[in-house]
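Heads up, the thing below is written out as structure tokens.
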Amino acid sequence: MSTTRRVGTRAVRKQDGCRQEVMTVPARRPTPAVESGGLLSWTLDADDPAKVPHVRRLVMAALRSRASADSDPAELDAAEVVVAELLNNTFAHTPGPAWIALSWDGPHPLLSVADVGPGFTERPELLDEQQQLVPRLPVDAFSEHGRGLYLAAELAHDLVMTPRPTGGCVVSVTLKLHR
């Protein structure tokens, strides 16, 4: 079931238990955020990681609706892997919640995932001298962890990690899709 309510220039829609906030550009008549170059955002509560696949599908639907009709299907597949890895990392390494934002103001979409976890203080091997994230494959080839950020970085134009002043971090990627 889906319900929508407007709060100023923000529409809040609930669908299947997930909250989706759509930021709109002020206009005489509200226009869908994706069509106006706006921001789509979702919140995932810590107590329900089972909603990750649902939010992944919502993000991918938004990307598919704006991607160029001649987009390479491999680019869409790569974007889906990036979305899945970033969302899954949030629940694997932080206590939650997570905030997901998708904007498409330029030629490529920007996906950001914010969390309240420890950041990368527990994984200093992933940071360089300037404390910038450098995704690497795990040393142990049989490790079940450590590939997500590496895959995301390889499949996107760029990946940037920004520590949050209140704890946790924001991981942002520019996806290779185009309008």
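Could you tell me which of the residues Glu129, Glu125, Glu80 is at pLDDT below 80 and either among the polar types (S, T, N, Q) or outside any loop (DSSP other than H, G, I, E, B) (or both)?
Glu125
Restrict the check to segment 86-104 and report whether at least one residue is modelled with pLDDT of 85 or more, closer than 18 Å to Arg57 by Cα and part of a loop (DSSP other than H, G, I, E, B).
yes
Six or more apart or on different chains, Cβ atoms under 8 Å: show the pairs whose first residue is in segment 154-172 and buried (at least 18 other Cβ atoms within 10 Å of the Cβ) and whose second is aromatic (Phe, Trp, Tyr).
What qualifies is Met161/Phe120; Cys169/Phe120.
Pro118 - would you say it is of a type outside the set (S, T, N, Q), farther than 17 Å from Thr90 by Cα and either in a loop (DSSP other than H, G, I, E, B) or at pLDDT 80 or above (or both)?
No, not satisfied.
Out of the residues in segment 26-77 that are polar (S, T, N, Q) and assigned to a loop (DSSP other than H, G, I, E, B), state the one that is modelled with the lowest pLDDT.
For segment 26-77, the residue satisfying everything is Thr31.
Does segment 82-116 hold any residues that are surrounded by fewer than 17 Cβ atoms within 10 Å (Cβ to Cβ) and either without any contact (Cβ under 8 Å) to a residue 24 or more places away in the chain or hydrophobic (A, V, I, L, M, F, W, C) (or both), and which are they?
Listed by number, the residues that qualify are Ala92, Gly106.
The values are calculated or read from the model by the stated rules, or taken from the named source; none is laboratory data. Owing to the predicted nature of the structure, the values given are computational and were not obtained by experimental measurement. For neighbour counting, all protein chains shown are included, and Cβ atoms are generated from backbone atoms with ideal geometry for every residue, glycine included.
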